[in-house]
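Chemist: Handing you this structure, nothing more for now.
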Amino acid sequence: DLYKLKNQDKSVFVDIPFEVSTDNLISQKKKNTVLLVNALDWRKNLNVIVSVLLKCAREKGFSLTIIGQERIPLIEVEDILKKLANSGIYVEWYRNIPDKGLIEKYISSSVLLFPSLYEGLGLPILEAQNYGLPTITSNISSCPEINMNPKLCFDPTNIEEMSKGIVDCLDDNKEILSGLPLKNKLISFLKINKSEPSLFQN
């Protein structure tokens, strides 16, 4: 409820605890893939995520990669996966994946879908953009503050707009920052929002 108040002042991050990688790995969008990271949790807006994916599947073909363990009963996850697969979506689910594997998924996907209802920071948003992967987020909590694509921040109940956002990313819409320009914007943002380390003397 706090994050849904009208005219609420935005929270401001001070010293964001995230370092941009120094490697040159950037999303190549090799295949039409939507990525979910740590999304199998009702707090992550899972009901809407499923509805968005089902709507999008009626308009465009894509595959889905899910990364992260479930925080809901496994039988509910199985029901969700069956519903998605029955709509024609090819689904891969990795409950555990090494860091290298996660990076490979970031750089080979087309978009990260992360419309969480509440985030203290939203690490997957930062990680994805670090590899040039555009991210669809909610426009509440901390999500819009760290999404370098303001046009990809939506009301977390707006299935229509989020579905359109996915299609735009799959179609490589030129108005959406991706690849190196996205990473560079993230770097600039972090420079502005990181404080200098304090020096303590005895």
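Values quoted throughout were computed directly from the atomic coordinates according to the rules given, and no laboratory measurement underlies them. Because the structure is predicted, anything quoted here is derived from the model rather than measured. Cβ sites come from the backbone with ideal geometry, for glycine too, and all protein chains shown count toward neighbours.
Chemist: Among Tyr106, Asn149, Ile159, whose Cα projects farthest towards the positive end of the dipole of region 97-161, with charges put on the beta-carbon of Lys, Arg (+1) and Asp, Glu (-1)?
Modeler: Tyr106
Chemist: Tell me, what is the percent relative contact order of region 88-158, built from C-alpha pairs under 8 Å that lie six or more residues apart?
Modeler: That works out to 28 percent.
Chemist: Follow-up question, since we're still on this one. Could you give the length gained by full extension between Asn96 and Asp79, i.e. 0.36 nm per residue of separation minus their alpha carbon distance, to one decimal place?
Modeler: Gain in length upon complete extension: 4.1 nm.
Chemist: Something else about it: Let me spell out the model: positive unit charges on the Cβ of Lys and Arg, negative unit charges on the Cβ of Asp and Glu, origin at the Cα centre of region 82-202. What dipole size does that give, in debye rounded to 20?
Modeler: Computed about the Cα centre, the dipole is about 240 debye.
Chemist: Compute the FRET efficiency between Asn184 and Ser63 as 1/(1 + (r/R0)^6), taking r as their Cβ-Cβ distance and R0 = 22 Å, and round to the nearest 0.05.
Modeler: Working from the Cβ atoms, E equals 0.20.
Chemist: May I pose another question? Mind giving me the FRET efficiency for Ser21 and Asp172? R0 is 22 Å, r the Cβ-Cβ distance, nearest 0.05 is fine.
Modeler: 0.45
Chemist: Arranged from highest to lowest average of other beta-carbon atoms within 10 Å per residue, in what order do the peptides 113-126, 67-80, 45-58, 135-148 appear?
Modeler: On the way: 113-126: 21.0, 67-80: 14.1, 45-58: 19.3, 135-148: 23.1.
Order by mean packing, descending: 135-148, 113-126, 45-58, 67-80.
Chemist: Let me ask you something else. Can you flag which of Lys100/Lys151; Lys151/Lys183; Lys105/Lys174; Lys105/Lys164; Lys44/Lys191; Lys83/Lys151 are past 25 Å Cα-Cα? Please list the in-between numbers first.
Modeler: Values: Lys100/Lys151 30 Å; Lys151/Lys183 16 Å; Lys105/Lys174 22 Å; Lys105/Lys164 22 Å; Lys44/Lys191 28 Å; Lys83/Lys151 29 Å.
Listed pairs above 25 Å: Lys100/Lys151; Lys44/Lys191; Lys83/Lys151.
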